[in-house]
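What follows is calculated from the coordinates using simple rules that are stated; it is not laboratory data. It should be emphasised that the depicted structure is a prediction, and the values quoted were computed from it without experimental measurement. Heads up, the Cβs are rebuilt from the backbone with ideal geometry, glycines too, and the neighbour counts pull from every protein chain shown.
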Amino acid sequence: MAQTIDGKRISQEMKDELKARVAALAEEGKEATLAVIQVGDDAASAVYVNNKKKACAYIGIKSVSHELPEETTEEELLALIDHLNRDDAVNGILVQLPLPAHIDEDKVIRAIDPAKDVDGFHPENVGKLVIGEPGFVSCTPAGIIQLLKRSGIAIAGKRCVVVGRSNIVGKPMAILMLRENATVTVAHSKTKDLPDLCREADILIVAIGKPQFITADYIKEGAVVIDVGIHRDEKNRLCGDVDYEAVAPHASAITPVPGGVGPMTIAMLMYNCVETML
């Protein structure tokens with residue numbers, strides 16, 4: 001049976017390390033404040049925002065919430081971001097996505113000061129990632145790198161297939177795996193013979209947003225499988241993009257859903273927040 005990659009344990013290890021770093025920085029008179037903006041009352045977003053607040057409290061970072069009504073205009077949101085950009089007491093700015101349909105997400109992402117963009121979504125930070133300069137990295141892909149490294153899984157020289165090409169996960173994931181000296185292929189909705197391609201992967205990273213789409217037919221024996229998806233199945237149970245029960249017997253290591261990639265996203269957000277203190 002496959003090794004279960006325990007994201008809860010690894011994320012807790014990281015948060016404990018960050019808590020110690022924050023305490024040491026506090027002794028030097030350095031502190032951080034994360035401003036979290038949520039527009040509307042989307043239930044899933046509210047859960048994510050609450051988890052981020054709890055993580056801030058745990059490691060010793062101050063968080064300030066701006067909970068705005070659904071009818072908030074784009075201009076009002078941009079004005080708040082501009083105010084936070086100019087507030088020296090605020091180190092990081094996070095706008096919880098998705099936003100209501102009447103607000104342009106791209107415009108909002110671009111409005112955040114790249115030096116406070118702890119989500120790593122601003123084009124300036126994405127560009128720095130591509131050319132290998134220091135900058136904030138999108139939290140989910142960065143968390144996956146930590147999952148692999150802290151689980152003792154070698155990346156250099158391995159064949160990696162990333163299924164999905166989103167700006168938030170797929171594209172930065174491919175770049176990070178290249179940075180770690182993997183040979184990377186990105187698959188997407190127009191890819192032909194997807195099962196055959198996936199079976200070439202030593203490390204298969206799946207971020208396509210389709211519940212239990214990846215079955216045993218897609219897996220090379222002994223592959224490492226990272227599942228980024230999170231959904232509810234027909235029985236209202238949490239599941240991922242990978243059919244865990246079918247795939248696990250063929251993998252050498254696999255992330256569960258829940259408890260795999262998800263906790264690492266918040267751990268890496270906290271890492272980015274601590275980086276703003278340096």
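Once each part is reduced to its C-alpha centroid, what is the distance from region 69-103 to region 206-233 in angstrom? With region 69-103 and region 206-233 each reduced to a Cα centre, they are spaced 34 Å. The 3J(HN,Hα) values that the Karplus relation (6.51, -1.76, 1.60; θ = phi - 60°) gives for region 233-243 are, in residue order, 7, 5, 9, 6, 9, 5, 8, x, 6, 10, 6 Hz. Gly and Pro appear as x.
Would you kindly calculate the translational diffusion coefficient of the chain, applying Stokes-Einstein with the Kirkwood radius from alpha carbon pairs, for 20 °C and a viscosity of 1.002 mPa s, and quote it in µm² s⁻¹ without decimals?
D, rounded to a whole number, is 110 µm²/s.
Go ahead and collect, in residue order, the members of region 240-278 whose backbone nitrogen is under 14 Å from a label point 7 Å along the Cα-Cβ direction of Val47. Residues 240, 257-260, 262-263 fall inside that zone.
In this structure, the pairs whose alpha-carbon distance is over 20 Å, taken from Lys8/Lys149; Lys15/Lys53; Lys8/Lys54; Lys128/Lys210; Lys19/Lys171, are Lys128/Lys210; Lys19/Lys171. Every pair of different Cα atoms in region 87-240 enters the Kirkwood calculation, which places the hydrodynamic radius at 16.9 Å.
Amide H contacts of Val163 (H built 1.01 Å from N, in plane; Pro and chain starts excluded): Ala187, Ile205, Val206, Ala207 sit under 5 Å, all sequence-distant by 5 or more or on other chains. Summing +1 for each Lys or Arg and -1 for each Asp or Glu among the other residues whose beta-carbon sits under 13 angstrom from that of Arg86 gives -3.
Given R0 = 30 Å, the distance between the Cβ atoms of Lys19 and Ala154 translates into a calculated FRET efficiency of 0.55.
In deg cm²/dmol and to the nearest 500, what is the mean residue ellipticity at 222 nm of the chain if only DSSP H runs of at least 4 residues count, each as -39500 (n - 2.57), divided by the residue total?
Calculated mean residue ellipticity at 222 nm is -12500 deg cm²/dmol.
For the chain, modelled as a GNM whose springs connect Cα atoms under 10 angstrom apart, the maximal fluctuation among Arg165, Arg150, Arg86 occurs at Arg86.
Helices in the chain that qualify as membrane-span-like (whole DSSP H runs, Cα extent of at least 15 Å along the helix axis, mean Kyte-Doolittle hydropathy of -0.5 or higher) are 43-59, 74-85, 139-150, 261-275. In the chain, Cα pairs under 8 Å separated by at least six residues give a relative contact order of 23 percent.
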